[in-house]
Amino acid sequence: MMAGTRAEFESYLKWSREELKAQVAFMRSFAKDLEDAGVLVMTEGLAFPDQARMVRAGSDGAPVTDGVFPESKEFLAGFWIIDVDTPEEAYRIAARASAGPGPKDRGTMPIEVRPVMDRAPDEWQ
């Protein structure tokens with residue numbers, strides 16, 4: 001999962017056209033490489049945080065929305081779901097995603113790696 005702060009999201013608006021094109025090309029090529037390797041299950045980029053809403057069920061079950069939350073420290077930018085045999089393989093793929101191009105002063109983007117659960121843990125049963 002790719003996450004970033006509000007400031008990081010807003011910094012995308014300041015990237016040059018060439019930097020943005022390079023990032024989009026990298027993401028497309030990266031997804032194609034994962035697909036060609038047979039490990040990609042799905043990938044999605046998410047809208048900017050200003051479009052996020054928290055939804056809860058009201059007392060009658062109808063949706064009640066709230067947001068945007070300026071106090072939130074990080075927002076999910078997008079994700080990949082991959083099917084690999086070991087955590088180490090997932091870490092190698094995450095490191096590749098982290099190294100995507102951007103402005104010269106930008107560091108590598110942290111990528112959170114978390115297994116998808118296929119069932120509740122035994123201790124919960």
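What follows is calculated from the coordinates using simple rules that are stated; it is not laboratory data. Every value quoted in this text rests on a predicted model; they were computed, and no experiment measured them. As a convention, Cβ positions derive from the backbone with ideal geometry for all residues, glycine included, and neighbour counts pool all protein chains shown.
Could you please report the charge total around residue 90, scoring K, R as +1 and D, E as -1 over all other residues with beta-carbon less than 14 angstrom from its beta-carbon?
With Lys, Arg at +1 and Asp, Glu at -1, the neighbours total -2.
What residues have an amide H closer than 5 Å to that of residue 82, excluding those fewer than 5 places away on the same chain, when H is modeled at 1.01 Å from N in the peptide plane?
41
Go through region 17-22 residue by residue and turn each phi into a ³J(HN,Hα) via Karplus (6.51, -1.76, 1.60, θ = phi - 60°); whole Hz please, and just put x for glycine and proline.
4, 5, 5, 5, 4, 5
Given the options 50, 60, 33, which has the most mean-square fluctuation in a GNM of the chain, springs set between C-alpha atoms less than 10 angstrom apart?
Between 50, 60, 33, it is 60 that shows the largest mean-square fluctuation.
Tell me, what ³J(HN,Hα) does each residue in region 40-47 have, in order and in whole Hz, if you take phi through Karplus 6.51 cos²θ - 1.76 cosθ + 1.60 with θ = phi - 60° and put x for Gly and Pro?
6, 9, 6, 8, 8, x, 10, 4
Based only on other Cβ atoms within 10 Å, what is the fewest-to-most ordering of 124, 15, 80?
Listing 124, 15, 80 from fewest to most nearby Cβ atoms yields 124, 15, 80.
Which label marks the calculated value of volume of the Cα convex hull per residue in Å³, given the options [x] 137; [y] 162; [z] 128?
[y]
Give me the distance in nm between label points sitting 7 Å out from Cα along the Cα-to-Cβ direction at residue 28 and residue 52, one decimal.
Once both label points are built, they end up 2.8 nm from each other.
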